[in-house]
């Protein structure tokens, strides 16, 4: 895995919804047949961005007339250098798959997806940068990439970048047919989409009639909210039905009750926002109910804002020193409060895309800030 692969691993994955700002990047990347960036790596290179200490404490606050148990814990600061060096302690953790077991599983996956004669070239256990998950990464001699969590079946991804080097521009389909084909392909490889009630379909070009790569993601829903952490994603070339990639996420969802109102969540986010100074005025605030993964993004922003700005704006910032904050990987309902800034059209030298907006995740049960994102 080269540095770009590792960075993408720590920035994007099936656990995370596609930021609107990446739409153009994804479409442009898909336009290039021989691109070095796979659709799965841009949309979701299984498991990315999330890895705390101390125990749970009882809240003194009352929500909905009931005592609320706090879930947030102080995050652990790690660097890219830390995520790339899985020590012996990690290898001996309970229920962690050994390298021998991972190799065996990798070979079974290759056979299952029709790559029986391919051989494993490299295999490495990698720490997730945002949580305490451990991921096995496999690269084969035929350029197949496989990743799966080291504890079992919560996360899985396979991609075949050689698909991009084939004559695929001539194949076409429709949005309706793409969804049907994706269901058939998922079923072919043992994944039933019947329990997934929400579907998103996209393609590599603006025009459906010219598109030749399609991406279909199936989500489970709870109270009308799609859950990106229980999903199946299929990316393929139509007509020949050649899979570029397939990803499955099956993380435990706590389905916590809503005790915090939308207005309360907004107040909590604005109070958190007072801890930093962006030099821009707030233009708008958008709030919606979402299913999110607890992460250290908001903590990083409010506790080490200058360092965060530097590592995201400086091209010369040392890769191995890029920092993250790890938390437990918990999937919860939260109010996503998006703070949008009034950034002038004229971009100055200190401009950073992180200054455009930031979304706080406010737990709907405890009222705690349990994470955030830049979309």
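Do we find that residue 235 is in contact with a strand residue (DSSP E or B) (Cβ under 6 Å, 6 or more places away or on another chain) and crowded, with 21+ Cβ neighbours inside 10 Å in this structure? Working first, answer last.
Details: in contact with a strand residue (DSSP E or B) (Cβ under 6 Å, 6 or more places away or on another chain): yes; crowded, with 21+ Cβ neighbours inside 10 Å: yes.
In short, yes.
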| task | May I ask you to list the residues in region 298-315 that are over 23 Å from residue 269 (Cα atoms) and either modelled with pLDDT of 90 or more or in a helix (DSSP H, G or I) (or both)? | result | 310, 311, 313
| request: From 268, 276, grab the single residue that is at pLDDT 90 or above, in a loop (DSSP other than H, G, I, E, B) and more than 24 Å from the chain's Cα centre (by Cα). | output: 276
| Which condition number in (1) more than 17 Å from the chain's Cα centre (by Cα); (2) more than 30 Å from residue 334 (Cβ to Cβ); (3) modelled with pLDDT of 95 or more is the one that residue 158 fails? | (1)
| note | The residue from 262, 290 that alone is at pLDDT 95 or above and either closer than 25 Å to residue 325 by Cα or crowded, with 20+ Cβ neighbours inside 10 Å (or both) is 290
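The values are calculated or read from the model by the stated rules, or taken from the named source; none is laboratory data. Here the structure is a predicted model, which is why all the values come from computation and not from measurement. Glycine gets a Cβ as well: all are built from the backbone with ideal geometry, and neighbour counts include every protein chain shown.
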